[in-house]
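Data first, discussion second: the structure below is written as structure tokens.
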Amino acid sequence: MLSKISLLCLGLVCTSMGVSAELAQTSFELSTIAEGVYVHHGQHLDIDDGYQGDICNLSVIIGNTGVAVIDTGGSKRTGMQLLAAIRRLTALPVRYVINTHVHPDHTYGNAAFVGEHPEFIGHDKLAKQMLTRQAQYEKLNQRLLGADGTDSLTIVPTQAVQTQLTLDLGGRTLTVQAHPMAHTQTDISVVDDKTNTLFAGDLIFAERTPVIESDLNGLIAVLEHLNQQQFSQIVPGHGKESRDQASIIGNALRYDRALLADVRMSIKKGISMENTMETAAQSERERWLLFDIANRRNVNTVYPQLEWE
Ligand SMILES: [Zn+2]
């Protein structure tokens with residue numbers, strides 16, 4: 001426990017000093033959460049504050065004949081660290097690299113896996129969205145990640161998921177499900193059928209404040225739909241995995257519903273978006289990390305959409 005805390009503290013200090021590179025190399029952790037299932041937890045940093053390309057969950061599932069990776073991190077460097085950690089576990093080929101959605105913190109590690117020749121798997125709309133955002137995201141990567149941003153190329157899916165897809169890893173299958181507009185327009189979730197583990201991508205956040213880029217009503221509907229199934233464990237896009245489905249989905253839904261109700265009420269009362277940024281979902285403020293910055297952005301996304309309801 002002590003060593004974990006001191007490592008974490010070191011990480012924070014070093015990041016603020018801009019010398020995290022060597023430390024990150026040595027402290028890249030891949031934890032086992034079920035038989036043949038591993039998760040790397042990124043740090044809870046905002047993309048505008050200390051972003052180092054390693055802020056989300058990266059998952060690895062190992063079958064009898066191959067490996068699947070779910071999200072690759074925000075830079076080729078993070079992807080290389082993930083690949084090195086996989087190689088410490090197995091020599092089996094990486095058959096599938098799955099991106100849960102378009103956001104750069106989840107996709108720009110893809111570049112590290114090109115030499116493995118996997119299928120890159122994503123939502124039907126992912127390739128187009130990645131290419132539409134390519135210039136913006138590559139510029140962002142270079143600004144925020146410096147040299148690490150330069151070789152983090154945009155690698156689009158080679159196989160699109162329209163509704164559902166089954167991937168075979170030998171002795172275990174993954175079910176990949178494409179969703180309608182929710183966190184983004186490109187959300188997929190993955191279930192490891194052997195352990196009944198749900199990898200939810202950013203449909204679910206734990207610890208840090210949920211983010212909505214696309215459709216809040218859609219996100220709530222997708223979460224309610226997922227909640228009709230029973231999973232043995234859920235890996236969110238950010239934050240710790242949980243075997244307590246009622247809590248991890250319930251927390252996300254509670255925030256999303258509070259945001260929806262409060263923004264609707266503001267619009268009804270004629271309260272401006274600027275003022276709503278300070279008031280909406282404040283009942284959730286103490287429950288989440290990075291609340292103010294994420295919640296303001298969410299209001300900025302959701303308010304203009306709900307005005308047209
Ligand atoms: Zn995201």
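The values are calculated or read from the model by the stated rules, or taken from the named source; none is laboratory data. None of these values were measured; they are calculated from a predicted model. Here the Cβ is made from the backbone with ideal geometry for all residues, glycine too, and neighbour counts use every protein chain on show.
Within the range 276-291, the set of residues being surrounded by 12 or more Cβ atoms within 10 Å (Cβ to Cβ) and in a helix (DSSP H, G or I) comprises T276, M277, E278, T279, Q282, S283, E284, R287, F291.
Taking every residue in the range 99-124 that is more than 16 Å from S214 (Cβ to Cβ) and pairing it with any residue that is away from the ligand (no atom under 13 Å from the Cβ) and of a type in the set (D, E), at least 6 positions away or on another chain, the pairs with Cβ-Cβ distances below 8 Å are A111/D151. Residue selection: A160 fails the criterion of being free of Cβ contacts under 8 Å to residues at least 60 places away in the same chain, exposed (fewer than 14 other Cβ atoms within 10 Å of the Cβ), away from the ligand (no atom under 16 Å from the Cβ) and among the hydrophobic types (A, V, I, L, M, F, W, C).
Cβ-Cβ contacts under 6 Å between residues 6 or more apart (or on different chains), taken from a first residue in the range 57-83 that is on the phi < 0 side of the Ramachandran plot to a second residue that is of a type in the set (D, E) and in a loop (DSSP other than H, G, I, E, B), are listed as L58/D71; K76/D151; T78/D54.
Please enumerate the residues belonging to the range 52-105 that are closer than 20 Å to D148 by Cα and basic (K, R). Within the range 52-105, K76, R77 meet the criteria.
Of the numbered criteria (1) more than 18 Å from the chain's Cα centre (by Cα); (2) at pLDDT below 95, the one A91 fails is (2).
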